[in-house]
Amino acid sequence: MRLSGKMSQLGSESAFKVLAQAQALEARGMDVVHLEIGEPDFSTPENICAAATEALENGYTRYCNSQGLPPLRAEIAKELERTLGIPVDPECVIVTPGAKPVMFYSILALLEEGDEVIYPNPSFPIYESMIKFTGAKAVPVRLYEEKDFRFDIAELKAGVTARTRLIILNSPHNPTGSVLEMEDLQAIADVAGEYDITVLSDEIYEHFIYEGKHHSIASLPGMLDRTILVNGFSKSYAMTGWRLGYGVVPEEMVDPIVRLIINSVSCTTPFIQHAGIEALTGPQDSLLQMVAEFKKRRDLIVGGLNAIPGISCRLPGGAFYAFANITKLGMSCQQLADYLLNEAGVATLAGTGFGEYGEGYIRLSYATSLENIEEALRRIETAVSKLAA
Ligand code: PLP
């Protein structure tokens, strides 16, 4: 069979590949601590499950509005007004099965062969994959550990050309846990305004902030009209398998994206959208408890990693990942990740799974219990000490 040439440009996510490898080892009897996959280990709160069941029983099982149910869009707009302090028009809110489709549809709607997109590197691998799939050019801007993995604005500016159509941001950031400050966002907004560039701001980890506050570039003057704000329920409400996300997009992008939805998935499952309404309007204590627990885990894993000779790790301000520097161990990040999985039974991800500038780092997701983190740290320490011997 001859596949489309474009398929060679479509990448993947190493987290799913490593999960499958770890599960294969488990099937052979090995005990593995999972620090590879980026999803909360908490159950979806009961009130959200109950709202979905009730909606199912009430017959919300048919095709529905392709853009998203109006009551959910209204609640999303209200929530954003509350958190960003800006009026969001529910007509500019688009509901999709997960946050990923908003990215994919926006990129498909905006980019042509030869257009250029500036994106952080390392970063969520799907950005680069989707950009390349459209035939556009992916222009990486390196995130430096010395800069707390925030953008070097001069390097970002140097990447802008007459073909730059889009800048992608992700704060709090996967895989480094970095958080962009207001001054970063203002500088990026200035570049976007000066060169008439759209910004895609992926804010899926907005609630996972351990110091300070989440800021959205969409809240800066004039930016709502040029920002595609991407968010969803997967992480905040422990709903990764439900597939529920949303975008707030400039008015001109609503119709193209809705047509892409109609051409692909038709709509987002209506009883799941009712669960989304409950997530936003119901009690928020599960979310607050989860974030408090993640903070304890972050402190444990970062402290533990820094106590292992040859490994160092900055304290990430957000998300639920530690991005540890392993350059002193004298092996590539892929070699180390393979060694830790096969010899120590600890599944982590090589930094290069997030782009070329991830070399020298491994990502450890701390979306697992304190006991599992302690066990993983013990195993990593023993495995690393054998390397030195
Ligand atoms: N954006 C980032 C930065 C992520 O890390 C992830 C998942 O790992 C997603 C988006 C995907 O979100 P969803 O599961 O809602 O599609």
- Quick one: Gly159 ticks every box in (1) touching a helix residue (DSSP H, G or I) at 6+ places or on another chain (Cβ under 8 Å); (2) within 24 Å of Phe104 (Cβ to Cβ); (3) open to solvent by 10 Å² or more (accessible area, probe 1.4 Å) bar one, so which box is it? (1)
- Message: Quick check on region 132-156: of everything there that is in contact (Cβ under 8 Å) with a residue 60 or more places away in the chain and not basic (Lys, Arg), which residue is most open to solvent (accessible area, probe 1.4 Å)?
- Response: Asp148
- Of the numbered conditions (1) farther than 23 Å from Asp190 by Cβ; (2) polar (S, T, N, Q); (3) more than 16 Å from the ligand (Cβ to nearest atom), Ser219 satisfies every one except a single condition; which is it? (1)
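Test Pro97 against the criterion of being within 16 Å of the ligand (Cβ to nearest atom) and surrounded by fewer than 23 Cβ atoms within 10 Å (Cβ to Cβ), and give yes or no. Don't jump to the end; show me each part of the working.
Values: within 16 Å of the ligand (Cβ to nearest atom): yes; surrounded by fewer than 23 Cβ atoms within 10 Å (Cβ to Cβ): yes.
So Pro97 fits the description; yes.
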- Task: Within region 100-114, track down each residue that is crowded, with 17+ Cβ neighbours inside 10 Å and in a loop (DSSP other than H, G, I, E, B).
- Result: Leu111
- Message: Can you tell me which residue is nearest to the ligand (Cβ to nearest atom) among those in region 225-245 that are farther than 17 Å from Ala319 by Cα and either open to solvent by 10 Å² or more (accessible area, probe 1.4 Å) or outside the structural domain of Gln273 (by TED's automatic domain parsing) (or both)?
- Response: Arg243
- Task: Determine which single condition Phe208 fails, assuming it passes every other condition in (1) in contact with a helix residue (DSSP H, G or I) (Cβ under 8 Å, 6 or more places away or on another chain); (2) more than 16 Å from the ligand (Cβ to nearest atom).
- Result: (2)
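Does Ser129 count as within 15 Å of the ligand (Cβ to nearest atom), surrounded by fewer than 20 Cβ atoms within 10 Å (Cβ to Cβ) and either within 24 Å of Tyr210 (Cα to Cα) or not acidic (Asp, Glu) (or both)?
It is true that Ser129 is within 15 Å of the ligand (Cβ to nearest atom), surrounded by fewer than 20 Cβ atoms within 10 Å (Cβ to Cβ) and either within 24 Å of Tyr210 (Cα to Cα) or not acidic (Asp, Glu) (or both).
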- Query: Out of curiosity, is Ala22 farther than 28 Å from Gln273 by Cα, away from the ligand (no atom under 16 Å from the Cβ) and surrounded by 15 or more Cβ atoms within 10 Å (Cβ to Cβ)?
  - Reply: yes
- Query: Do we find that Ile48 is surrounded by 15 or more Cβ atoms within 10 Å (Cβ to Cβ), touching a residue at least 60 places away in the same chain (Cβ under 8 Å) and in a strand (DSSP E or B) in this structure?
  - Reply: no
- Just wondering, is there one or more residues in region 283-291 that are under 17 Å from Glu374 (Cα atoms) and within 21 Å of the chain's Cα centre (by Cα)? no
- Query: Residues of region 172-224 being surrounded by fewer than 18 Cβ atoms within 10 Å (Cβ to Cβ) and among the hydrophobic types (A, V, I, L, M, F, W, C), which ones?
  - Reply: Met182, Ala187
- Item | Criterion: of a type in the set (A, V, I, L, M), closer than 27 Å to Ser12 by Cβ and in contact with a Cys (Cβ under 7 Å, 6 or more places away or on another chain) - qualifying residue of Ile272, Ile326, Ile380, Ile301 | Ile326
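For region 52-69, does any single residue satisfy the condition of being within 16 Å of the ligand (Cβ to nearest atom), in the same structural domain as His214 (by TED's automatic domain parsing) and of a type outside the set (Phe, Trp, Tyr)? It would help to see each step written out before you state the result.
So the first thing to find is which residues in region 52-69 are within 16 Å of the ligand (Cβ to nearest atom), and the list is 68.
Checking the rest, the ones that are also in the same structural domain as His214 (by TED's automatic domain parsing) come to 68.
Now restrict to residues that are of a type outside the set (Phe, Trp, Tyr): 68.
Yes, because at least one residue in region 52-69 is within 16 Å of the ligand (Cβ to nearest atom), in the same structural domain as His214 (by TED's automatic domain parsing) and of a type outside the set (Phe, Trp, Tyr).
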- Item | Contacts under 8 angstrom Cβ, first residue in region 80-103 being among the small types (Gly, Ala, Ser), partner more than 16 Å from the ligand (Cβ to nearest atom), 6 or more apart | Gly85/Ser219
- Taking only pairs six or more apart or across chains, which ones have beta-carbon atoms under 7 Å, a first residue in region 378-389 that is modelled with pLDDT of 95 or more, and a second residue that is open to solvent by 40 Å² or more (accessible area, probe 1.4 Å) and charged (D, E, K, R)? Ala383/Glu343
- Query: Does at least one position in region 84-96 carry a residue that is under 30 Å from Glu375 (Cβ atoms) and modelled with pLDDT of 95 or more?
  - Reply: no
- Item | For Ser219: the one exception among (1) in contact (Cβ under 8 Å) with a residue 60 or more places away in the chain; (2) on the phi > 0 side of the Ramachandran plot | (2)
- Message: Against the condition open to solvent by less than 80 Å² (accessible area, probe 1.4 Å), among the polar types (S, T, N, Q) and not in a helix (DSSP H, G or I), how does Thr83 come out, does it pass?
- Response: no
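The values are calculated or read from the model by the stated rules, or taken from the named source; none is laboratory data. Just so you know, these numbers come straight off a predicted model, no measurement behind them. Cβ atoms come from the backbone with ideal geometry, glycine included; neighbour counts cover every protein chain shown. Just the protein is used for accessible areas: all its heavy atoms, side chains included, with ligands, DNA and RNA removed. Shrake-Rupley method; radii C 1.70, N 1.55, O 1.52, S 1.80 Å.
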